[in-house]
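S.K.: Just passing along the structure, written as structure tokens.
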Amino acid sequence: LEGNDVKIERTLEVGDQKDDMYAANINLNGKFEVLGMTNRLSVSGDYDRRNSYANQYPYATKYDVVYLKDKTKGKERAYEAQQRYNHRVTKTRGYGASIQNLLSVTKQLNVLLALRYDKVTGQTTNNYFIDGASLKGKIRGRASFKAGDVQTSSYNQWAITPSAGLVFKATKNNSVYGSFTKSFRPNSRGYVDVNDKLLDPYYTDQFEFGTKNAFLDGKLQTNVSYYIINDRGYLDAGEKSALGTNARVIGPGTKYRGVELEASATPLEGLFVSANYSYIDAKFGSGGSRKPGTRPQQTPEHQLGFRTSYKFKGALENFAVSLGGQYTGERLGNDVFDTSLPRWKNSLAPYLQKAYTLINAGVSYEKDNVNVAFRMTNLLDEFVFMAYRYGSVNPIDPRQFSITTTFKF
């Protein structure tokens, strides 16, 4: 920050990438009864193939200086072409199979059980055209390569992940539910432990409990849920592996606890009103460049939103109006506290970003095949920006007005 403005020393990064993707999926569904209980069984298989071809170029820190508010300050530079130093080819293959059964124990009680198997393989080949020694400070990661080097890394991992859910419908309009889901992320970057052994995939566990209710013949609907997410991750072990590379461990990662409240109502014909609130308790675990107990970047503790719309009747039946908004609480504008580490040396220092409120409104006209919509966004003209670990600062759009006309043939 410089006074009331934000001074940004921009980094120039250039890259191009071509992706070739193919996916296939097959499903077999069946319905049968056992001991008076209805089973809805689903068996599926899938295949995913992805090839990526990327050219990488060195980047320049402090390429130019601009200010977020006062555009007359600072000095921008015209684009300068960069010399390619690397061509990277990444090939990944994914094979999966799952079995899922929705069991209707009674008319009120449904139980969902599922099991999934995944196998993921990947190979990355780097072709270098410039000596890494001349690129130190201009690329991310290690620069221990020479012109003409070809480096290849690969992984081959599998995982079995279960999930389960339960829904109890006490009445026609009231139900409670609970669910558990386990997911995994493969060690696609080839991280190793202190013994130079490839680390296993890490898992994320998610639990959710809630209740859905309808009142006043369905004119008022509510949903209350509570969730727990334990997202593990790869952390720097603070020492070298047997072959001298940075060793890592699977650490506690990030823990999320949250409550979500939703309510919607149609009190009058043509009138719709909804509101939602979410509370997020998110904290980093120990290890890594994040401070234990702090919140991940751009993760507010409180968020509140609303939306209402009304479609006129009678002489104005072709017109509709809408109004909506969202309040977002304070967020941490970067979550790396140890910016002395080489990987984060160009990172912004952590700081709090103020809460803000966005209000949007609209008026539309629709008749036959014609639709005309007038929209107003960010009516309060809030000045808000998002800041991230690598020094990226992105402001949201200022107050805007737009008209859209649609004609259907």
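S.K.: Just subtract the alpha-carbon distance of ASP193 and ILE228 from 0.36 nm times their residue separation and send over the number in nm, one decimal. Walk me through the numbers on the way to the answer.
M.R.: Numbers: separation 35, 0.36 × 35 = 12.60 nm, distance 2.85 nm.
Result for the pair: 9.7 nm of gain on full extension.
S.K.: Taking the alpha-carbon centroid of each part, what is the distance from segment 1-50 to segment 169-216 in angstrom?
M.R.: Their Cα centres are 15 Å away from one another.
S.K.: Calculated FRET efficiency, THR405 and VAL321, Cβ-Cβ r, R0 22 Å, to nearest 0.05?
M.R.: On the way: r = 18 Å, r/R0 = 0.80.
The formula returns an efficiency of 0.80 here.
S.K.: Could you check the simple spin-label distance between LYS69 and LYS182, using points 7 Å along Cα→Cβ, in nm with one decimal?
M.R.: Once both label points are built, they end up 5.2 nm from each other.
S.K.: Please state the equivalent ellipsoid semi-axes for segment 79-136: what are the square roots of 5 times the Cα gyration tensor eigenvalues, largest first, in whole Å?
M.R.: On the way: eigenvalues 540, 42, 14 Å².
Calculated on Cα positions only, the semi-axes equal 52, 14, 8 Å.
S.K.: Accessible area per residue, 1.4 Å probe, Å², for the chain: what's the number? All intermediate terms of the calculation are to be shown ahead of the outcome.
M.R.: Details: 25180 Å² over 409 residues.
Ligands and nucleic acids excluded, the figure is 62 Å² per residue.
S.K.: What residues have an amide H closer than 5 Å to that of THR245, excluding those fewer than 5 places away on the same chain, when H is modeled at 1.01 Å from N in the peptide plane?
M.R.: Residues meeting the amide H criterion: none.
S.K.: Spin-label point model (7 Å from Cα, Cβ direction): what's the THR294 to TYR53 distance in nm?
M.R.: Taking the two extended label points, one gets 4.2 nm.
S.K.: According to the Cα gyration tensor, what semi-axes, each the square root of 5 times an eigenvalue, does the equivalent ellipsoid of the chain have, listed from largest to smallest in whole Å?
M.R.: Values: eigenvalues 359, 244, 104 Å².
So the equivalent ellipsoid measures 42, 35, 23 Å along its semi-axes.
S.K.: Assuming 1.567 mPa s and 4 °C, estimate D for segment 230-285 with Stokes-Einstein, Rh taken as the Kirkwood radius over Cα pairs, in µm²/s. Numbers along the way, then the final one.
M.R.: On the way: Rh = 15.2 Å.
In µm²/s, the coefficient is 85.
S.K.: Residue separation times 0.36 nm, minus the C-alpha to C-alpha distance between ALA164 and ILE396: what's the value?
M.R.: Values: separation 232, 0.36 × 232 = 83.52 nm, distance 3.93 nm.
Here the answer is 79.6 nm.
S.K.: Among the aspartates and glutamates, which fall within straight-line cross-link reach of LYS172, defined as a Cα-Cα distance under 17 Å, with same-chain neighbours fewer than 8 residues apart omitted?
M.R.: Partners found: ASP217.
S.K.: Set the Förster radius R0 to 56 Å, insert the Cβ-Cβ distance between LYS313 and ARG93 as r into 1/(1 + (r/R0)^6), and round the FRET efficiency to 0.05. Present the calculation step by step, with values, prior to reporting the outcome.
M.R.: Numbers: r = 57 Å, r/R0 = 1.02.
About 0.45, to the nearest 0.05.
S.K.: Right, next: Using a simple spin-label model with points 7 Å from Cα along the Cα→Cβ vector, what separation in nm is obtained for GLN108 and LYS138?
M.R.: According to this spin-label approximation, the distance is 7.2 nm.
S.K.: Step through the table entries LYS18/LYS91; LYS197/LYS240; LYS138/LYS197; LYS62/LYS354; LYS62/LYS136, compare each Cα-Cα distance with 20 Å, and write down the pairs that go over it.
M.R.: Working: LYS18/LYS91 12 Å; LYS197/LYS240 12 Å; LYS138/LYS197 30 Å; LYS62/LYS354 26 Å; LYS62/LYS136 15 Å.
In this structure, LYS138/LYS197; LYS62/LYS354 exceed 20 Å between Cα atoms.
S.K.: May I ask you to compute the full-extension gain from SER278 to GLN100, defined as 0.36 nm times their residue separation minus their alpha-carbon distance, rounded to one decimal in nm?
M.R.: So the chain would gain 61.0 nm between SER278 and GLN100.
S.K.: Something else about it: Hey, if we sort LYS172, LYS73, LYS136 by accessible area with the 1.4 Å probe, largest down, what's the order?
M.R.: Values: LYS172 170, LYS73 75, LYS136 150 Å².
Sorted by accessible area, descending: LYS172, LYS136, LYS73.
S.K.: Another question, if that's okay. Under 16 Å from a label point 7 Å along Cα→Cβ of LEU261: give me every residue in segment 295-310 with its amide N that close.
M.R.: 301-307
S.K.: In whole percent, how big is the carbon plus sulfur part of the accessible area of the chain, probe 1.4 Å, protein atoms only?
M.R.: Values: 13630 of 25180 Å².
Roughly 54 percent, rounded to a whole number.
The values are calculated or read from the model by the stated rules, or taken from the named source; none is laboratory data. It should be emphasised that the depicted structure is a prediction, and the values quoted were computed from it without experimental measurement. Cβ atoms come from the backbone with ideal geometry, glycine included; neighbour counts cover every protein chain shown. Please note that ligands, DNA and RNA were not included when accessible areas were found on the heavy atoms of the full protein model with its side chains. Shrake-Rupley method; radii C 1.70, N 1.55, O 1.52, S 1.80 Å.
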